[in-house]
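Please read the structure below before turning to the comments.
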Amino acid sequence: MIKPELLMPAGNVEKLKYAVKYGADAVYLGVVDFSLRAMRKGELITLDNLKLAIDTAHQMGAKAYLTLNIFAFNNDIKNLEACMDRIVESNPDALIISDVGIMRLAKKHMPNTEIHVSTQANILNYEAVRFWQDMGATRAILARELPIKDVAEIKNKVPDMELECFIHGAQCVSFSGRCLLSDYMTDGERKANSGNCSQPCRWSYKLVEETRPGQYYEIEENSKGTHILSTKDLCLVKHLKEMIDAGIDSFKVEGRTKSLYYVSAVAKAYREAIDMVWNNPNADMQPYFEELLKVGNRGYTTGFYLGEGYPKDGYSYDISKGLAGADFLCEIWDKKDDWYKIKTKNKFNKNEDIEIITPDEKFVTQVLEIKNDKDEVLELANTNNELWVKFSVEPKNFEYALVRTVGIKNGVNEVAKCACS
C-alpha cells in the first residue's frame, strides 16, 4: 500500500506555490473557459502562463493536473481544439475530464498523458470505473455521494485503477455538481457547468404566495430568512484511517477560489494528519480538526461518507459564507535585520499575541514594534498596508510564512460541529 497523495487546489500561480510548500503532493489547476472554476483575481492561470505554472509545480517536486471538465458544446470543442497545441506544450501530468468529446480530443492530441475522470461524471459503481478504464482513463474521481464502504468495494473490484476522493471543502447541493440553478437565476449569464457558478444555493430564501406579491414569509423563524439549500463543508480529517484502508489513492481538497491562507492552512493540517495516521493508525485526529476550524467554513459535515445517507445536520441554515476561527492577519514578504516586511490582510495592534505558521512551524509570538517605510512608529497595523514589524519569537525561515490570530473564536466551534467523531 502506498501513502495517499494530498491533492490541493491551485487557483492561481501564487496559491500553487503555497499549496506545494505547505505539503501538497500534487495540485489541480484550470484555465478560464475549460474549467469549472473561473478565478477572478491574483496571478490567474491562463493559456499564456499555463506552462509556467506547471513547470513551477514540477520544479517544486509536485505533480500538476489540468482540469478540462466543462460540459462541452460544439463551440467549446472548437475552441479547445484550437488551443490544444498550448496545452500539449504545457505538459501536465494528467487531464481531468468529464466529457467524452473532450476525452477523444485529449487522446488524439496527448495520447501519452494520463486521464482522470472528473467527479462531474458522477461515478458511483465499479462497472462505471471499469468502463472509464476501458476508455483509457487511469484514475476515477469518485462522486461525493458514495459511502466509504462502497469506495472500498470499488477498489477491491478494480484494484488497478486509481481512485480519488474529496476529503475537504465546499459541497454542491446538486448531485455531483450537475446544477442548473445558477443558469436560471442569472438568465444564463453565470453558467455553473461552464465554470462561472453564482452559488445561488448559498442565497437566503423567503416564501411568497403568487396572489400576494410583495408579501414575503419566513420559511423558518429567522429575521434573515433561511439558507435552505446551503450544505455544510466536507471535513474527513477524523476518518483518514478508514479512507486509507479503503484503498483511496488521492485525497482531494476543494477550493480553487479560496484564499491563499485557506489553501496553506488546510494543506498543512492534512499533510501533518496524513503523515501522522500513516505512521500511527490510532493517532488522535482532534488537533488537526481544530486546525481546520481556523479556516473559513460553513460548519463541517462528513457528507455521505459514513454510509447513512446525508446527515440531517449537514445543512448550514444560518450562514452561507464561511466563518473562520482565526483571522488571517498578514503575509511575511521580506526581512531586514530583525524587522519583517508584511502585507496586512486584517488589522492588529502592537503588543498583540499572534500566531505564525510556516511550512515547518507553528508558534505564538508577540508583536513588539510596528513601523512604516518612513520609519514612523505605529501602534496599529491597518488593513492592506505594507509595513515592518518585530516579533518576540521569529520564524526559522520567513519564506511562505503567514500570520493569524491566536486560538479559535468563540462561536465558530459550535457552528462547525459535525458528525465527525
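Here are a few things to note about the model shown:
- About its Cα centre, region 224-370 has a charge dipole of approximately 700 debye under the convention of +1 per Lys or Arg Cβ and -1 per Asp or Glu Cβ, with nothing else charged.
- Potential extension, Arg104-Asn282 segment - 0.36 nm per residue separation minus Cα distance: 59.6 nm
- Once divided by 2.2 N^0.38 Å, the Cα radius of gyration of region 280-349 becomes 1.65.
- Apportionment of accessible area to carbon and sulfur, region 61-129, percent (1.4 Å): 45
- In this structure Arg190 has an accessible area near 80 Å², from a 1.4 Å probe over the protein heavy atoms.
- Cα gyration tensor shape for region 56-144, rounded if a/c is under 1.5, else prolate or oblate: oblate
- With DNA, RNA and ligands ignored, accessible area of Met276 (1.4 Å probe; Å², nearest 10): 80
- Heavy-atom accessible area ranking, 1.4 Å probe, most first, across Asp134, Asp25: Asp134, Asp25
- The separation of region 58-120 from region 245-265, counted between C-alpha centres, amounts to 21 Å.
- Size descriptor, Kirkwood hydrodynamic radius, that averages inverse alpha-carbon separations across region 238-363, Å: 17.0
- Those lysines that a straight Cα-Cα span of less than 16 Å connects to Lys312, excepting residues fewer than 8 apart in one chain: Lys232, Lys417
- In the full protein context, region 295-377 carries 50 Å² of accessible surface per residue, based on a 1.4 Å probe and ignoring ligands, DNA and RNA.
- Probe 1.4 Å - accessible area at Lys362, Å² to nearest ten: 100
- The simple spin-label model puts a point 7 Å past each Cα toward its Cβ; for Asn125 and Leu378 those points are separated by 6.1 nm.
- The accessible-area ordering, largest first, of the residues Phe131, Phe166 stands as Phe131, Phe166, per a 1.4 angstrom probe.
- Difference of contour (0.36 nm per residue) and Cα-Cα distance, Ser204 to Asp327: 41.8 nm
- Taking GluC sites (Glu not before Pro) across region 355-385, the ones in a DSSP loop with at most 10 further Cβ atoms lying within 10 angstrom of their Cβ are Glu376, Glu379.
- Global geometry of region 102-172, whether rounded, prolate or oblate, following the gyration tensor of its Cα atoms and the 1.5 cut on a/c: oblate
- Only alpha carbons enter this Debye calculation for region 1-151, each as an equal point scatterer, and the log10 of I(q)/I(0) it gives at q = 0.10, 0.12, 0.21 Å⁻¹ is -0.34, -0.50, -1.43.
- Extreme residue, positive dipole direction of region 1-156, given options Ala128, Leu16, Ala143 (C-beta unit charges): Leu16
- ³J(HN,Hα) computed for each position of region 387-393 - Karplus, 6.51 cos²θ - 1.76 cosθ + 1.60, integer Hz, glycine/proline x: 9, 10, 9, 10, 10, 5, 10
The values are calculated or read from the model by the stated rules, or taken from the named source; none is laboratory data. Note that this is a predicted model, so its numbers are computed, not measured. Here Cβ is always computed from backbone atoms with ideal geometry, including for glycine, and neighbour counts include all displayed protein chains. For the accessible areas, the whole protein counts, side chains as well, though only heavy atoms, and no ligand, DNA or RNA atoms are used. Shrake-Rupley method; radii C 1.70, N 1.55, O 1.52, S 1.80 Å.
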